[in-house]
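Here you go, one structure.
The values are calculated or read from the model by the stated rules, or taken from the named source; none is laboratory data. Just so we're clear, the structure is a prediction, and the values are computed from it rather than from any experiment. Virtual Cβ from ideal backbone geometry, glycine too; neighbours counted across all protein chains shown.
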Amino acid sequence: MSRPLALAHGLTFADLHSHGGLTRIDALFGEHLRAADAGLADRLAAGRAVPDALAAKAEADLLLALAPHVEDFLADLPNLARCVGPDCKGQWHKPVRGPGLDPAAERDDATDRFRKAVQAQREATEGQGQSEGPTP
């Protein structure tokens, strides 16, 4: 018989499915965030206090700033923190997308393809603008 996967902070899997447990997880995330970036924790608290006061861009910026902290916190829950981040080389897990695939390399390849497509579009647009000069 295998032991159930232990969660950090004394949490149980039942906590993931109850209001009280989620409230506790939220408080733990708040502590984690405050320890890592007190200014960002203050921005989150202000945004939660008056959510309608945040413009769409400010809300998006806040969410993007929070993302790496959420990732770190969630990775720590099942004690998988060693698997997340730039030093992770798949020591504890295999990529989910298929055997032999490196998600980071796949993301980098997609980024490169996007950059090349944007550059090609830019060059095509600039080329059209140069050929369409004023006619004498």
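Select from region 3-29 the residues that are touching a residue at least 12 places away in the same chain (Cβ under 8 Å) and either among the small types (Gly, Ala, Ser) or not assigned by TED's automatic domain parsing to the domain that holds residue 75 (or both) and list them in ascending order.
If the condition is that a residue be touching a residue at least 12 places away in the same chain (Cβ under 8 Å) and either among the small types (Gly, Ala, Ser) or not assigned by TED's automatic domain parsing to the domain that holds residue 75 (or both), then 6, 8 are the ones that fit.
Search region 30-54 for residues that are closer than 16 Å to residue 74 by Cβ and pair each with any residue that is surrounded by 16 or more Cβ atoms within 10 Å (Cβ to Cβ) and of a type in the set (Gly, Ala, Ser) when their beta-carbon atoms are under 8 Å apart and the residues are at least 6 apart or on different chains.
30/41; 33/41
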